[in-house]
Every structure is written in C-alpha cells, then in structure tokens.
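Only one structure is covered here, and it is reproduced in the block below.
Throughout, read-outs are computed from the coordinates displayed, never taken from laboratory work. Predicted model only: the values in this text are computed from it and were never measured. No Cβ is skipped: glycine too gets one built from the backbone with ideal geometry, and neighbour counts run over all protein chains shown.
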Amino acid sequence: MKRLLLILALAPPCWSAITVAHVNGNAGNTIYSCTSPNGCITFTLTVSAGDAILVSTDFYENFTNTISVSDSAGNSWTATAPGNIVNGADNHQDFYVCNAKAGSPDTITVTLSGSYSQNDTIAGVGFDVTGTASSSCVSATNSATYSSSPVTSGTFTINATDVVIASVSSIYGGTSTAGNIGGSASSIPANATQHNGSLSANLQVEYIVAPTNTSGITAAMSLVGTNSGSMIVTALKASGAVAKTCTRTLLGAGPC
C-alpha cells in the first residue's frame, strides 16, 4: 500500500489547455450621439480583469476621419492592421485590448474625430473573451474587401483554442448570416445580431473557438442584399495550459 501511495504522489500532473470562451456581446449605432464635432456610439460589456476585448467599427461617409476607441475602465486600445476603406465611403476598423482592466459594466465609446455630415452613420459591435494571453494576445489578423457573396477572407494561421473573430461591414444594407472559419461552422455572438446604422453603416461578426492548429485557412460569411464591403479577421490566443485534477491508477492517468 505504501508503494502504491508513493507511485501516485510522484506521478506528474495531468495538463489541459484552457478553453477560451465567448462571454457576451453588445452593440449600438446612431447619428450625433456625442457633442459636436465628434460623432460616437457607446455600449457596455461586462469585463473581468485579464480578459481580452475586441470592438469592430463601421463608419459610412467618414472615411477620411480618425476612428478611436476608449472605455470607462481606462484600457489602452490597439487597432488591428489594416482596416479597410471601401468605395471611398465605408471605413471598417477593429480594435482590441489584451489583459483588460475589470469593468462591470465597462462602457465602451467609439469616436469619429473631426467634422461630419448629417448623413454619416456609425455601427459598432464589441465582445469580451476570457482565458486569453495577458500580452501579445492577437495571434493572427487578416483583412480583405469583397464585391459579392459569400464574403471570403485571405488566408491565415490559427492555434488550437484561439478565439477567431471575423467582422464584416457591408454597404447599402443587406442581411448577414454565419458561415464558417477554417471549415468549422461559426456562430454570431449573443446580442450582436445584424447591426445597421440608420443609413448605410452595417456590421456583423462571427466567431469560433479553434479546434486545432490550422494553417492556410479562410473565413466566410453569407450576405443578402448588398454588393460590397470589408472583412477583418482577428485570432485571440489562449493563455496556456493549466493543471487539472485527475484520477491516477497503476495503469496511468485517469480522465482529466
């Protein structure tokens, strides 16, 4: 019996990768919601300390102005590269935070600087992801424009347990439906179904938790009723592996 206990005590731990899970989504769109000369939208997310946040934005007829994102928790935001300008009119850009400060709720503000016209519209979608790396949390990005459906990105490489997010902007309206990322069926996050500005800023996002390490993949989404727009893909990587409680026997590790 003592020998059995010693074998169990010296056995190495069982390791399992963290599963990165989508937490929640929200969105807003408006004209003139902020004091002139800035146009902006605000919405809230529940963010735990250490999470990653990604916000996708779409502005119509303000393609020469600067887009920025801030939040009530005081996080520092980085733009994914590159954003897209379509037909000289539609400006699509995504922003992210690694190792975010907690906010319950965290109020996200997306701002368009400079002058703007009454016809300018803004759409935005943001969501929070838990279990991501505390630094360099973006493992891949990709950007493409399109002129027909289905929308397809360029190729990129992902790691198992990455949360892969594809945001799609569309001009002149249209309805988006989830497609696939790397051949895996994607999902549209809760509270982030099709978001339309009051004129022509239209935005949708889809995501997967990657099942395997995969290279040379693409993202796709179907659109109805639109003829051009942009897709941006961002992969957020997991923080690593953590020890889990396992049952061990003389024959080796039990289930983990």
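So here's what we get for this one:
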item: Residue-count net charge about residue 140 - beta-carbon cut-off 10 Å; Lys, Arg +1, Asp, Glu -1; result: 0
item: Counted charge near residue 52, where neighbours are those whose Cβ lies closer than 15 Å (Asp, Glu -1; Lys, Arg +1); result: -4
item: Sorted peptide list for 44-52, 210-218, criterion being average Cβ within 10 angstrom, highest first; result: 44-52, 210-218
item: Packing-based ranking, highest mean first, of 91-100, 176-185, 73-82 given that Cβ atoms within 10 Å are counted; result: 91-100, 176-185, 73-82
item: Ranked packing of 156-166, 133-143, most packed first, by mean Cβ within 10 Å; result: 156-166, 133-143
item: Contour minus Cα-Cα distance for residue 159 and residue 76 (0.36 nm per residue); result: 27.4 nm
item: Neighbourhood net charge (14 Å Cβ-Cβ; Lys/Arg +1, Asp/Glu -1) for residue 83; result: -3
item: Estimated distance in nm for a label pair at residue 147 and residue 222, the labels positioned 7 Å out from Cα along Cα-to-Cβ; result: 2.4 nm
item: Spin-label pair residue 102/residue 68, simplified geometry with 7 Å Cα→Cβ offset, distance in nm; result: 2.8 nm
